[in-house]
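Written below as structure tokens is the structure these notes are about.
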Amino acid sequence: MTKLVNKKQEFQKVQFDRTRKGERMFDVGDVVKVKNTRAQSKTDKWLFGSIIEVKGPRNYVVKIGSERKLVHADHPIRTRFLLVYVLFYLFLI
């Protein structure tokens, strides 16, 4: 019985690891888009910001405009478009 359970568990682990993506890791200064959980429309779904402090392995302080927001690692995504962020930030000020 235990051999069968171990075999099933190994199979489940292989299946899980096959689709698992790496953890999101950010450093201070990284430009990110943060999921807006209070969005009123689809256009407000993501906000541009930058990581200003690492609070733990999964928590970050992000500066969005003049606001500072504590976010979990599931909410920010790295953006490759630094120019878009700079232009967006300049028009907000």
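The values are calculated or read from the model by the stated rules, or taken from the named source; none is laboratory data. All figures in this text were calculated on a predicted structure; none of them were measured in a lab. Don't worry about glycine lacking a Cβ; one is built from the backbone with ideal geometry, like all the others, and counts go over all protein chains shown. For accessibility, only protein heavy atoms count, side chains too; no ligands or nucleic acids. Shrake-Rupley method; radii C 1.70, N 1.55, O 1.52, S 1.80 Å.
Which members of the stretch 41-71 meet the condition of being open to solvent by 60 Å² or more (accessible area, probe 1.4 Å) and either within 15 Å of ARG24 (Cβ to Cβ) or among the hydrophobic types (A, V, I, L, M, F, W, C) (or both)?
TRP46, VAL54, LYS55, PRO57, ARG58, ASN59, LEU70
Could you tell me which of the residues ARG18, ARG24, ARG38 is surrounded by fewer than 12 Cβ atoms within 10 Å (Cβ to Cβ), at pLDDT below 90, in a loop (DSSP other than H, G, I, E, B) and out of contact with any helix residue (DSSP H, G or I) (no Cβ under 7 Å at 6 or more places or on another chain)?
ARG38
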